[in-house]
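Read the figures in this text as sums done on the coordinates, not as results from a lab. This is a predicted model, so every value here is computed, not measured. Glycine also receives a Cβ, built like all others from the backbone with ideal geometry; neighbour counts cover every protein chain displayed.
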Amino acid sequence: MTIGIQEFSSPQELLKYIDNMLNDLRRKLGELLRLIEELRAKSERDEKLLKLIAFLAGGTIEESPIAKETVIEIEKVKIMLNPTAKTELEVLEEIAESINAKITRLHAIRRGLERLAQIDVETRIRVIFQDYIPKAVIITL
């Protein structure tokens, strides 16, 4: 969990900051989605290849030495040794969903703060962020 505090001199400056965060998250999500598509194609190819090898060897996919991967979890962190493309794909899809949820939340917060930007008053704004999402907006007149 990342926590930060940042000060802004106006609501417009805060909105601009949120816009920059949204653009950055959208860019990262786009890059991640391209990687996911590549991994999805690789995963499908790998699965077909494993089925073919298993068929030729007269066994099952699970018995194939090519299919051996090790995944252990330490404090909610996955440690992967020789992961399959499918395993990597699952992790990246979770991250993409998380980024998309952040984008949705930031966009909703921005819409709510637009009303604040309509007030033409010089003020100091402190924002407390948790995982790069505003948790509290403190306005000092």
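What spacing in nm lies between the two simple spin-label points modelled at Glu114 and Glu31, each 7 Å away from Cα in the Cβ direction?
If labels sit at Glu114 and Glu31, their model points lie 2.9 nm apart.
Report the charge-dipole magnitude of the chain in Debye, nearest 20, computed about the Cα centre from +1 at each Lys and Arg Cβ and -1 at each Asp and Glu Cβ.
Its charge dipole is roughly 340 debye.
In the range 77-137, which GluC sites (Glu not before Pro) fall in coil by DSSP and have 13 or fewer other Cβ atoms within 10 Å?
Glu122
In the chain, once you exclude exposed trypsin sites (Lys or Arg not before Pro) (DSSP loop, at most 16 other Cβ within 10 angstrom), what's the longest stretch remaining?
Looking at the chain, 1-67 is the longest stretch - no exposed trypsin sites (Lys or Arg not before Pro) with at most 16 other Cβ atoms within 10 Å.
By count of other Cβ within 10 Å, fewest leading, how are Met21, Met80, Met1 ordered?
Met1, Met80, Met21
Express the relative contact order of the chain as a whole percentage, based on alpha carbon pairs under 8 Å and six or more residues apart in sequence.
41 percent
Given a Förster radius of 41 Å and the C-beta distance between Asp19 and Phe55 as r, what FRET efficiency does 1/(1 + (r/R0)^6) yield to the nearest 0.05?
According to the calculation, E is roughly 0.15.
Can you give the FRET efficiency to the nearest 0.05 for Asp131 and Glu69, using r as the Cβ-Cβ distance and R₀ = 30 Å?
So the FRET efficiency works out to roughly 0.50.
Give me the net charge of Gln6's neighbourhood, meaning all other residues with Cβ under 13 Å from the Cβ of Gln6; Lys, Arg count +1, Asp, Glu -1.
+2
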